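Novice: Pasting a structure below so you can have a look.
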Amino acid sequence: VQLQASGGGLVQAGGSLRLSCAASGRTFSSYALGWFRQAPGKEREFVAAISWSGGSTYYADSVKGRFTISRDNAKNTVYLQMNSLKPEDTAVYYCAAGRAVMAITTLGEYDYWGQGTLVTVSS
């Protein structure tokens, strides 16, 4: 599976962005998907995850209520809708795919990673 993330950019605090991650491969629907982020000088951290069917989602406490993860298996794409953005959301955002049915929140359990897209939130 190859993943290509897009949609990052510069936005003011309180604004919104929608990240997309397009995947290659005919088995996309059998993978759990997730978003992680890495701020300068910090470790990569979990943001959101979705199960293979889209029926289960999980969020980091820091983004709960502001971010929404979704997937369109017909388009082989996973999305991250980010609202009410804060300066502390500034990071490179990575999408990931893992061979699992349930949503995965642990970085090490993902098998494939996209290249990352930069999100910058100005105050």
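The values are calculated or read from the model by the stated rules, or taken from the named source; none is laboratory data. Quick caveat, the model's predicted, so the values are computed rather than measured. Cβ placement follows ideal geometry from the backbone for every residue including glycine, while neighbour counts extend to all protein chains displayed. Accessible surface is based on the protein model in full, side chains and every heavy atom, while ligands, DNA and RNA are left aside. Shrake-Rupley method; radii C 1.70, N 1.55, O 1.52, S 1.80 Å.
Novice: Give me, ordered by chain and number, the residues 5 or more places off Thr90 or on other chains with an amide H under 5 Å from its own placed amide H.
Specialist: Val121
Novice: Based on alpha-carbon positions alone, could you give the equivalent ellipsoid semi-axes of segment 72-123 from the gyration tensor, as √(5λ), descending, whole Å?
Specialist: Numbers: eigenvalues 114, 37, 23 Å².
They are 24, 14, 11 Å, listed from largest to smallest.
Novice: Can you list the lysines whose alpha carbon is less than 22 Å from that of Lys42, not counting same-chain residues fewer than 8 positions off?
Specialist: Correct list for Lys42: Lys64, Lys86.
Novice: Per residue, what accessible area does the chain have, given a 1.4 Å probe and all protein chains present, in Å²?
Specialist: Values: 6180 Å² over 123 residues.
On a per-residue basis, 50 Å².
Novice: Related question: How many nm separate the modelled label positions at Glu109 and Ser30, each set 7 Å beyond the Cα in the direction of the Cβ?
Specialist: Here the answer is 1.9 nm between the modelled labels.
Novice: Compute the Kirkwood hydrodynamic radius of segment 24-75, taking the inverse of the mean of 1/r over all pairs of distinct Cα atoms, and give it in Å to one decimal. Each step should come with its number before you reach the end.
Specialist: On the way: mean 1/r = 0.0824 Å⁻¹.
In segment 24-75 this quantity evaluates to 12.1 Å.
Novice: Then there's this: Using a 1.4 Å probe over the heavy atoms of the protein chains, calculate the carbon and sulfur portion of the accessible area of segment 8-123 as a whole percent. Intermediate values should be presented prior to the final figure.
Specialist: Values: 2830 of 5770 Å².
Accessible surface attributable to carbon and sulfur in segment 8-123 totals 49 percent.
Novice: Please give the length that would be gained between Ser16 and Lys86 if that part of the chain were fully extended, namely 0.36 nm times their separation in residues minus their C-alpha to C-alpha distance (nm, one decimal). All intermediate terms of the calculation are to be shown ahead of the outcome.
Specialist: Working: separation 70, 0.36 × 70 = 25.20 nm, distance 0.98 nm.
Once the chain is fully extended between Ser16 and Lys86, it gains 24.2 nm.
Novice: If you don't mind, another one. With a point put 7 Å past each Cα toward its Cβ, work out how far Asp61 is from Val101 in nm, to one decimal.
Specialist: Label-label distance for Asp61 and Val101, simple model: 3.1 nm.
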